[in-house]
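Derivation of every value follows stated rules applied to the coordinates shown; laboratory data play no part. From a predicted model like this one, the values you see are computed outputs, not experimental measurements. Positions of Cβ are backbone-derived with ideal geometry, glycine not excepted, and every protein chain shown enters the neighbour counts.
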2 protein chains.
Amino acid sequence: MNLRLANESWESLLRAHASLMRRYQEDGIWEDLSMTEYDVLYTLAKANSPVRLNDLRDGVLLSQPALSRLIQRLVDRGLIARAEDTTDRRALMLKLTDSGIEKQKRVGRAHAKTVAKEMAPLEQAEMKQLKALCQKLVSKS
Amino acid sequence: MNLRLANESWESLLRAHASLMRRYQEDGIWEDLSMTEYDVLYTLAKANSPVRLNDLRDGVLLSQPALSRLIQRLVDRGLIARAEDTTDRRALMLKLTDSGIEKQKRVGRAHAKTVAKEMAPLEQAEMKQLKALCQKLVSKS
DNA sequence: CGTTATTACATGCATACGCATATAATTTAT
DNA sequence: ATAAATTATATGCGTATGCATGTAATAACG
């Protein structure tokens with residue numbers, strides 16, 4: 001096990017994340033959404049079936065209370081709706097409203113273009129490698 | 001330009017970052033530091049010459065005011081010291097105190113072990129690939 | 001079954017953050 | 001050289017976050 005290489009590798013990922021996030025932040029396509037809020041809308045769109053709060057949290061780097069309040073704000077703004085889970089009355093089933101779907105699509109299209117531009121330094125084969133490597137890291141420890 | 005692949009690739013990186021950050025967060029080695037605060041200590045340690053606030057910001061995903069206050073807190077806790085830049089009296093030259101060096105080393109050693117453990121799903125060659133790919137993304141757009 | 005533990009989400013409170021703006025020093029322009 | 005623009009950092013203020021804890025519902029256990 002090469003401790004040094006493992007750490008350099010992680011640090012590269014960390015810096016790449018920070019660098020790209022900053023660039024995305026600065027391209028002003030987010031309307032009235034924070035990037036975290038958009039991420040939640042995106043996750044709901046991708047799931048295209050109602051999702052529980054705790055399942056949302058898997059992908060998003062937020063505490064449960066922070067996510068709970070983020071959801072509340074998006075509900076207040078009419079972008080997502082809560083429904084009850086008939087089989088477990090503790091749970092929330094979250095889905096996009098029509099307005100939320102619209103907004104996610106609009107912002108998502110713009111964001112996708114920026115992402116493609118920022119990923120452009122990589123060849124297609126390299127993008128595939130990166131994707132595979134990152135997925136391998138997530139799968140388990 | 002493959003828009004789809006570029007976005008999938010970015011999303012993998014984003015999720016890997018979130019997943020690993022959460023695992024690091026949860027391993028309880030951080031003493032009284034936030035991970036962001038540790039990152040600043042680490043950056044100063046790596047530089048091993050005084051660094052300006054705005055240069056610190058390159059690697060850390062924080063606004064200038066947030067970083068300014070983070071520095072203030074670390075100064076108050078005796079972990080870093082401000083010195084004046086004799087050639088530019090607007091600037092801050094930041095460096096670790098002895099206590100800051102100690103803490104960075106101690107926490108850093110523990111963190112490095114966790115990192116190595118979490119990166120273990122990758123072969124050494126894959127770590128090198130990941131590092132190279134991420135560096136390529138940072139270098140420019 | 002009834003008690004206890006666990007799970008899912010919400011809320012109080014202190015703190016950290018981002019945005020706008022202020023302050024102070026340096027550079028540029030006239 | 002003086003005024004205007006720019007750069008480096010700090011501060012006011014509203015908002016988002018995390019931690020601890022609360023509430024309600026389901027699961028586990030004796």
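Scanning segment A:87-104 for residues that are of a type in the set (Gly, Ala, Ser) and more than 15 Å from DNA strand C (Cβ to nearest atom), we see that the one that is nearest to residue A:51 (Cα to Cα) is A:100.
Here residue A:110 meets the list (1) touching a Phe, Trp or Tyr at 6+ places or on another chain (Cβ under 9 Å); (2) under 20 Å from residue B:16 (Cβ atoms) almost entirely, failing just condition (2).
On the stretch given as segment B:94-141, residues that are facing chain A (nearest Cβ under 7 Å), in contact (Cβ under 8 Å) with a residue 60 or more places away in the chain and within 30 Å of residue B:75 (Cβ to Cβ) total 1. Residues in segment B:56-100 that are assigned to a helix (DSSP H, G or I), small (Gly, Ala, Ser) and more than 7 Å from DNA strand D (Cβ to nearest atom) were compared, and the one that is surrounded by the most Cβ atoms within 10 Å (Cβ to Cβ) is B:100.
For segment A:14-33, residues that are at the interface with another protein chain (Cβ under 8 Å from one of its Cβ atoms) and touching a residue at least 12 places away in the same chain (Cβ under 8 Å) total 3. Of all the numbered requirements in (1) facing chain A (nearest Cβ under 9 Å); (2) more than 20 Å from residue A:5 (Cα to Cα); (3) touching a Lys or Arg at 6+ places or on another chain (Cβ under 7 Å), residue B:58 misses one, and that requirement is (3).
Could you tell me whether any residue of segment B:42-52 is within 14 Å of another protein chain (Cβ to nearest Cβ), within 16 Å of DNA strand C (Cβ to nearest atom) and closer than 30 Å to residue A:2 by Cα? Checked against the condition, which is being within 14 Å of another protein chain (Cβ to nearest Cβ), within 16 Å of DNA strand C (Cβ to nearest atom) and closer than 30 Å to residue A:2 by Cα, segment B:42-52 yields at least one hit.
What's the total number of residues in segment A:31-55 that are away from DNA strand D (no atom under 13 Å from the Cβ), over 24 Å from residue B:23 (Cβ atoms) and over 10 Å from the mean Cα position of the chain (by Cα)? Steps first, please.
Narrowing segment A:31-55 to residues away from DNA strand D (no atom under 13 Å from the Cβ): A:31, A:41-51, A:55.
Those left that are additionally over 24 Å from residue B:23 (Cβ atoms): A:31, A:41, A:44-45, A:48-50.
Next cut, over 10 Å from the mean Cα position of the chain (by Cα) only: A:31, A:45, A:48-50.
Residues that pass the stated criteria total 5.
The number of residues in segment A:70-86 that are within 11 Å of DNA strand C (Cβ to nearest atom) and more than 17 Å from residue A:33 (Cα to Cα) comes to 4.
Consider segment A:24-51. How many of its residues are part of a loop (DSSP other than H, G, I, E, B) and among the basic types (Lys, Arg)? The qualifying residues number 0. Among the residues examined, residue A:114 does not qualify as part of a helix (DSSP H, G or I), surrounded by fewer than 16 Cβ atoms within 10 Å (Cβ to Cβ) and in contact with a helix residue (DSSP H, G or I) (Cβ under 8 Å, 6 or more places away or on another chain). Criterion applied to A:75, A:115 was being aliphatic (A, V, I, L, M) and in contact with a Phe, Trp or Tyr (Cβ under 7 Å, 6 or more places away or on another chain), and the one residue passing it is A:115.
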